[in-house]
Every structure is written in structure tokens, then in C-alpha cells.
Amino acid sequence: MITLNRRFWISTVIVLVVFLIGGVMYKFILEPIVFQAKLKSVTESSQRALFEYEQIEKTRPSITLEPPPLVKEAKAELSSISLDKILKDDTLTTKELVQLARKYSLVGDYDSAVKILKKALKQQPDSAEIYERLGSYYKDMADYEQSVAAYQRAIQLDPKNKLAYYDLYDIYYFKLRDRTRAKKLLKKLLEIDNNDKFALMQMQFLQE
């Protein structure tokens with residue numbers, strides 16, 4: 001009887017320890033990653049869908065896939081428009097240029113998207129939103145130097161632009177492996193919002 005009770009309590013303690021370790025790992029390691037993934041699903045869901053679609057097309061040619069709806073719409077619209085015409089058309093508004101740039105990004109043509117945003121910047125040189133989008137497209141092109149510069153400009157124009165901070169952190173920490181700059185960025189983000197969940201979790205992760 002004593003042996004059985006001892007085994008029961010030992011098993012109970014082991015289960016509790018496993019749950020505790022699992023909870024700690026989720027809070028400080030997995031949850032920040034999940035949070036970041038959710039954030040990106042909001043800001044870059046179409047680009048990710050396109051990327052996954054293209055990767056499966058390349059690696060599994062036997063699989064027939066239907067392009068995401070937004071991608072199909074963008075391809076259909078851009079098939080009747082030339083980039084050269086867009087860049088020469090001075091009647092296009094900034095909003096229209098930004099929308100066209102987004103459509104090019106949806107089909108994976110980030111170079112054209114960047115060119116169109118640069119044209120939009122001539123109309124609104126102090127637009128934080130355009131610089132933020134520019135940073136995103138440069139990031140997708142793996143041009144991290146230009147991406148960092150664009151995000152920094154977006155933050156300079158709009159110091160409370162959290163999305164720019166999030167993406168800039170992603171570049172510093174995951175792409176450039178620069179923990180020092182990543183940590184400084186989180187501190188600035190916490191100065192804006194000391195309850196920012198993403199910044200708090202990532203800061204805790206960096207301090208371990």
C-alpha cells in the first residue's frame with residue numbers, strides 16, 4: 001500500500017513537472033513565435049500564400065494547385081497593364097499606385113512593386129505607410145540593407161508605427177542575427193507601449 005502511494009505521488013510530481021516545463025517553454029519560446037506568425041498572417045497573408053503556392057509548384061510539379069483568389073485577381077488585372085505605362089502615367093494617384101504595387105507583390109514581382117512605390121513617394125515623400133510597404137517588399141527580396149533603411153524612415157515619420165518595429169525586429173534578430181540592435185528596438189517599442197505583448201515576450205526571450 002505504501003509502495004503504491006509512493007508511486008502515485010512520484011507519478012503525479014513527474015506529470016506536474018512536465019506540465020510546468022511545457023508551460024514555460026510555450027510562454028517564452030513558442031508563444032512569441034506563434035504571436036509573430038499570427039502578426040505576419042495579418043500583414044503578409046497573401047504573400048505567404050503565394051510563396052507556399054510557388055514552392056509546391058516547384059518541388060511537387062505533379063500536384064495541381066489553384067492559386068489563391070487574390071493572386072488570381074492580381075494576375076488577371078496586371079496581364080492587361082504594363083509597368084512602363086504605370087511609371088509614365090502621371091494621372092495615377094498615390095492610393096492607386098500603392099494598390100498597384102500591392103498587386104505586383106501578390107504575384108511575386110517585388111522589383112516592380114518597389115519601382116511603383118518609389119513613384120508614389122515622389123507624390124507623398126513623407127508617407128510612413130509607403131516606406132513601411134517599401135521595407136516589406138525589400139525584405140521579401142532579401143535586400144535587408146534597403147529594407148532596414150525603409151523601416152527606419154517609416155518609424156522616423158511615424159514613431160508609433162508598431163508594424164514597422166515588428167518587421168524591423170524580425171530582420172535584426174532572425175535575418176541579420178544582431179541581438180544587440182534587436183534588443184534596442186524592443187526597448188524603443190516598450191517606450192511607446194510598455195504593455196506591448198510581443199515586445200515583452202521577445203525581451204524575456206532575449207534575456208535568457
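Just so it is clear, none of the values below were taken in a lab; they were calculated from the coordinates. Since this is a predicted model, take the numbers as computed values, not measurements. Glycine gets a Cβ as well: all are built from the backbone with ideal geometry, and neighbour counts include every protein chain shown.
Residues of segment 171-186 that are among the charged types (D, E, K, R), under 18 Å from residue 146 (Cβ atoms) and either in a helix (DSSP H, G or I) or in contact with a His (Cβ under 6 Å, 6 or more places away or on another chain) (or both): 175, 181. For segment 187-197, filtered to residues that are under 25 Å from residue 127 (Cα atoms) and in a helix (DSSP H, G or I), the residue that is farthest from the chain's Cα centre (by Cα) is 191. Residues that are of a type in the set (Ser, Thr, Tyr) and under 20 Å from residue 94 (Cα atoms) do not occur anywhere in segment 159-171. Working only within segment 128-170, note down all residues that are in a helix (DSSP H, G or I) and of a type in the set (A, V, I, L, M). Passing the criteria: 128, 130, 134, 148, 149, 150, 154, 155, 157, 163, 164, 168. For first residues located in segment 117-130 and under 14 Å from residue 151 (Cβ atoms), partners that are among the polar types (S, T, N, Q) and lie 6+ apart or on another chain with Cβ distances below 8 Å form the pairs 127/94; 128/161; 130/94; 130/124. In summary, residue 125 fulfils each of the numbered conditions (1) of a type outside the set (Val, Ile, Thr); (2) closer than 30 Å to residue 90 by Cβ; (3) not in a loop (DSSP other than H, G, I, E, B) with the single exception of condition (3).
Within segment 192-206, if we keep just the residues that are more than 15 Å from residue 163 (Cα to Cα) and free of Cβ contacts under 8 Å to residues at least 40 places away in the same chain, the residue that is surrounded by the fewest Cβ atoms within 10 Å (Cβ to Cβ) turns out to be 195. Restricting attention to segment 93-127 and to residues that are among the hydrophobic types (A, V, I, L, M, F, W, C) and more than 19 Å from residue 141 (Cα to Cα), the residue that is surrounded by the fewest Cβ atoms within 10 Å (Cβ to Cβ) turns out to be 121. In the set (1) within 24 Å of residue 115 (Cβ to Cβ); (2) surrounded by 14 or more Cβ atoms within 10 Å (Cβ to Cβ), the condition left unmet by residue 145 is number (2).
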